[in-house]
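The next block holds one structure in the form of structure tokens; read it before the comments.
Every read-out reported here was derived from the displayed coordinates using simple, explicitly stated rules and does not represent laboratory data. Here the structure is a predicted model, which means the values were calculated and not measured. FYI the Cβ positions are ideal-geometry reconstructions off the backbone, even for glycines, and counts take in every protein chain you see.
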Amino acid sequence: MAKPRLLNLDAFAKTVEDAKVRTASGGLITVGCILVVLMLIMNEWIDYRTIAIRPELVVDRDRSKKLDINIDVSFPNMPCDLLTLDIMDVSGDLQADLLKSGFQKYRLNPDGEQLDGGEFIINQDIKDLITTNDPNYCGSCYGAISQEGNDQKKLEDKVCCNTCESVKAAYAQVAWAFYDGKDIEQCEKSGYVEQINQRLDEGCRIKGTVEINRLAGNLHFAPGSSLTIPGKHVHDMSLYYKHENRFNFDHEINHFSFGPDPHEGREIEMVKNTKNDVVTSTHPLDGHKVIKNEKNHLFSYYLKVVATRYEFLNGNTLETNQFSSTYHDRPLQGGKDEDHPHTLHARGGIPSLFFYFDISPLKVINREQYLKSLSSFLLGACSAVGGVLTMGYALDRTVWTANKMLKQKKDT
């Protein structure tokens, strides 16, 4: 009877039972091999089920969209009436006096505790205070704006400053010192002068969101009304310097972030990863507090912002922004640094708090992926079995040969 042709292809030739030699050392090595194989396969299984975040760097194609900045900063030694917030970017766009709209201003006592029942005061401190109810009243602008010819004009055509705020704006346009509005009729009658002098020893907490272009620029808190003249952006520092022992820009950053704000309970806070953990981005400036007790001091933060998206295996995505921060402060008079004698500070500037931001043209995409695919797991498991058995076979042959040689020497 002819043998099947497949017999010639059998790579796993068998030995007969009578030709096998079993030893105790071989059994011990076999048990060890089984334990090692089980351990390696378990490790392969753990790797197969492990989820990792794999980053990818791409060009940010959403740079035409606006970007939100979420701000929550406390100033223990600056009253709300004196603070101004402006934003400038490299394109030349200026958003001036932003605290007059869309921001919450909260008064703090000298101990940093909130006043007025613990609720935020929205726009209450900067609204126009009416000087009089006389419909024919036309207030003086005190020379800041020309009112020549008002006597021959109808009321609706006259140039008037009927409120303290309008006089203050007129002074800012010509860069005149306004101080606290004393001796200005509109400010005296509306109670502005009394109000601002009662609050000189208070602090202020600013909270809100502002929208910016995705361009490099700066956001800054400074004292007094702001004015932009050709080639320069200035502030009315008259009231700030009127009181020598009051006011400084010591601050505490309660929260600072770019993009959707998880602190406001928006959708970003509910994004979960594959393990159903709530995912939020980190904010390196949160809780940062600076106390210098220096009136003429400039505080600066340099921020590098990178757009970031997380893609999870469960289908959820999270659009956010990461940023790094570098802090620097210096006295306005410049000169040598007391802590670093070889460092010279620049001279000039105004007492203020600056945030310089630089928006990266790149975007980071973090994708959740398993460390290994099913085929990689199977390949790793087979490799573990084959490798361990091969090493076990070599070890067994070595031990068996050594024992055989020792027995031959004894017999001789």
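Once the C-beta distance of Asp68 and Leu28 is scaled by a Förster radius of 60 Å, the resulting FRET efficiency is 0.30 to the nearest 0.05.
When peptides 75-83, 198-206 are ranked by their average number of other Cβ atoms within 10 Å per residue, the highest-first order is 75-83, 198-206. Helix 374-411 and the long axis of the chain differ in direction by around 40°, with both axes built from C-alpha atoms.
Comparing Leu353, Leu155, Leu67 in a Gaussian network model of the chain where C-alpha atoms under 10 Å apart are linked, the largest mean-square fluctuation is found at Leu155. In a simple Cβ point-charge model (Lys, Arg +1; Asp, Glu -1; nothing else charged), the chain has a dipole of about 3380 debye relative to its Cα centre.
Placing pseudo-labels 7 Å out from each Cα toward the beta carbon at Cys160 and Arg246 gives an inter-label distance of 3.2 nm. For the chain, the Cys residues with no second cysteine's beta carbon closer than 4.7 Å are Cys33, Cys382.
Remark on the range 274-412: ratio of C-alpha radius of gyration to 2.2 N^0.38 Å is 2.25. Within the listed set Asn314, Asn218, Asn70, the residue fluctuating most in the Gaussian network model of the chain (springs between alpha-carbon atoms under 10 angstrom) is Asn314. Computed from Cα atoms, the angle from the helix 24-49 axis to the main principal axis of the chain rounds to 30 degrees. With contacts taken as Cα pairs under 8 Å at a separation of at least 6 residues, the chain carries a relative contact order of 23 percent.
Across the options Gly392, Pro341, Ile87, the greatest Cα extent toward the positive end of the charge dipole of the chain (unit charges at beta carbon of Lys, Arg, Asp, Glu) belongs to Gly392.
Packing, taken as the mean count of other beta carbons within 10 Å per residue, orders the peptides 38-49, 157-168 from highest to lowest as 157-168, 38-49. Remark: spin-label model distance Glu338-Val399 equals 7.5 nm, labels positioned 7 Å along the Cα→Cβ axis. Using the Cβ of Asp134 as centre and a radius below 14 Å, the other residues enclosed give a net charge of +1, where K and R count +1 and D and E count -1. Helix 164-173 and the long axis of the chain differ in direction by around 80°, with both axes built from C-alpha atoms. Rg over Rh for the chain works out to 1.33, using Cα positions for both radii and the Kirkwood form for Rh. Taking a 28 Å limit on the Cα-Cα distance, which of the listed pairs Lys66/Lys292; Lys66/Lys207; Lys100/Lys189; Lys207/Lys295 fall beyond it? Correct reply: Lys66/Lys292. Coupling constants for the range 323-332 follow from the phi torsions by the Karplus curve (6.51 cos²θ - 1.76 cosθ + 1.60, θ = phi - 60°), and in residue order they are 8, 10, 9, 10, 9, 8, 9, 7, x, 5 Hz; glycine and proline get x.
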